[in-house]
Amino acid sequence: MKSNPTQDVKLNPETLPFHVAIIMDGNGRWAKKRLMNRVKGHEKGTQTVRCIVTACAELGIGMLTLYAFSTENWARPKHEVKALMMLLKKFIVSERDEFSKNNIHLNIIGQKHRLPEDVQKEIDTTLTLTKNNDKMILNLALSYGSREEITTAVKNIARKIELKELKFREINQDLISDHLYTRKMPDPDLIIRTSGEYRLSNFLMWQAAYSEIYISDTLWPDFSEKEFIGILKNFQERDRRFGKVPCNKSNDG
């Protein structure tokens, strides 16, 4: 009988990250290494998404944010963008039963209005079907870019000041956060990037101020539940100080 890594591992439930965010990188390189079309890498990557979403639900992660399609990705070849939209639509439809089974609430952050209408329609159906699920929130970042998100927030705040709905002195960090796509959500405790690249790539730059970051050399289609659990263990061993010095400890930087 095949063992279940989420059952075998010993993680402290009290120190699990509540919000995990993942930059799912490496689909194209995975396909290229195997002399395949890039789309095949994206197809394999959706299987990994299913695996990690299920693992998070079983482990008790409260929120998972996946960087699925960036504002910059629109500049990719048209045939690849079309294939990605088809894969997204297929995933949204095929996973509805799993979302219900695992009590997962789907949420979208980003420019949903830029997605094809048929994709938006299926997303809206799944959003409605899962709106009362409360075990875990799955955020899909679609047509998402952090600079665009912050710029939009600034414009909306400026408009409110212009309309005298808001005073200049009322602007603070909480107000800015409340105008982002992630309003009312906790910042990510842990950000994982696969494929060995050391950059955020315009992902949650405001929200990542004190996130722990883990870089995996594994290409996303090969990323496993076992490795994910190992990263969670690594997170639990870290000393999160948020720029402060712990009480009764020397100031070591």
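The values are calculated or read from the model by the stated rules, or taken from the named source; none is laboratory data. Just so we're clear, the structure is a prediction, and the values are computed from it rather than from any experiment. As a convention, Cβ positions derive from the backbone with ideal geometry for all residues, glycine included, and neighbour counts pool all protein chains shown.
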Got a number for residues in region 207-218 being among the hydrophobic types (A, V, I, L, M, F, W, C), outside any strand (DSSP E or B) and over 14 Å from the mean Cα position of the chain (by Cα)? 1
More than 19 Å from the chain's Cα centre (by Cα), loosely packed, with under 14 Cβ neighbours inside 10 Å and without any contact (Cβ under 8 Å) to a residue 12 or more places away in the chain, is that true of Lys160? no
Number of the exception - Thr152 against (1) more than 13 Å from Leu204 (Cα to Cα); (2) touching a residue at least 40 places away in the same chain (Cβ under 8 Å); (3) among the β-branched types (Val, Ile, Thr): (2)
So Arg34, is it over 23 Å from Ser146 (Cα atoms), touching a residue at least 12 places away in the same chain (Cβ under 8 Å) and charged (D, E, K, R): no
Against the conditions (1) over 30 Å from Lys40 (Cβ atoms); (2) out of contact with any helix residue (DSSP H, G or I) (no Cβ under 7 Å at 6 or more places or on another chain), where does Glu197 fall short? Just the number, please. (1)
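For region 73-108, give me each residue that is of a type in the set (A, V, I, L, M) and in contact with a helix residue (DSSP H, G or I) (Cβ under 8 Å, 6 or more places away or on another chain).
Quick first cut of region 73-108, residues of a type in the set (A, V, I, L, M) only: 75, 81, 83-88, 92-93, 104, 106, 108.
Hits for region 73-108 are Val81, Ala83, Leu84, Met85, Leu87, Leu88, Ile92, Val93, Ile104, Leu106, Ile108.
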For region 112-135, state whether one or more residues are within 30 Å of Gln236 (Cα to Cα), crowded, with 18+ Cβ neighbours inside 10 Å and not polar (S, T, N, Q). no
Output the residues belonging to region 172-199 that are crowded, with 16+ Cβ neighbours inside 10 Å and either without any contact (Cβ under 8 Å) to a residue 24 or more places away in the chain or under 24 Å from Asn234 (Cβ atoms) (or both). Met185, Asp187, Pro188, Asp189, Leu190, Ile191, Ile192, Arg193, Thr194, Ser195
Cβ-Cβ distance below 8 Å, separation of 6 or more or different chains: which pairs start in region 1-18 with a residue that is under 22 Å from Met63 (Cβ atoms) and aromatic (Phe, Trp, Tyr) and end on one that is surrounded by 10 or more Cβ atoms within 10 Å (Cβ to Cβ) and modelled with pLDDT of 95 or more? Phe18/Ile61; Phe18/Gly62; Phe18/Met63; Phe18/Pro186; Phe18/Asp189
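Being under 22 Å from Phe18 (Cβ atoms), touching a strand residue (DSSP E or B) at 6+ places or on another chain (Cβ under 7 Å) and either of a type in the set (A, V, I, L, M) or at pLDDT below 95 (or both) is the requirement here; does Ile123 meet it? Let's see the steps before the verdict.
Values: under 22 Å from Phe18 (Cβ atoms): no; touching a strand residue (DSSP E or B) at 6+ places or on another chain (Cβ under 7 Å): yes; either of a type in the set (A, V, I, L, M) or at pLDDT below 95 (or both): yes.
Judged against the criteria, Ile123 is not a match.
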Among the residues that make up region 68-89, is at least one of them touching a residue at least 24 places away in the same chain (Cβ under 8 Å), buried (at least 16 other Cβ atoms within 10 Å of the Cβ) and touching a Leu at 6+ places or on another chain (Cβ under 6 Å)? yes
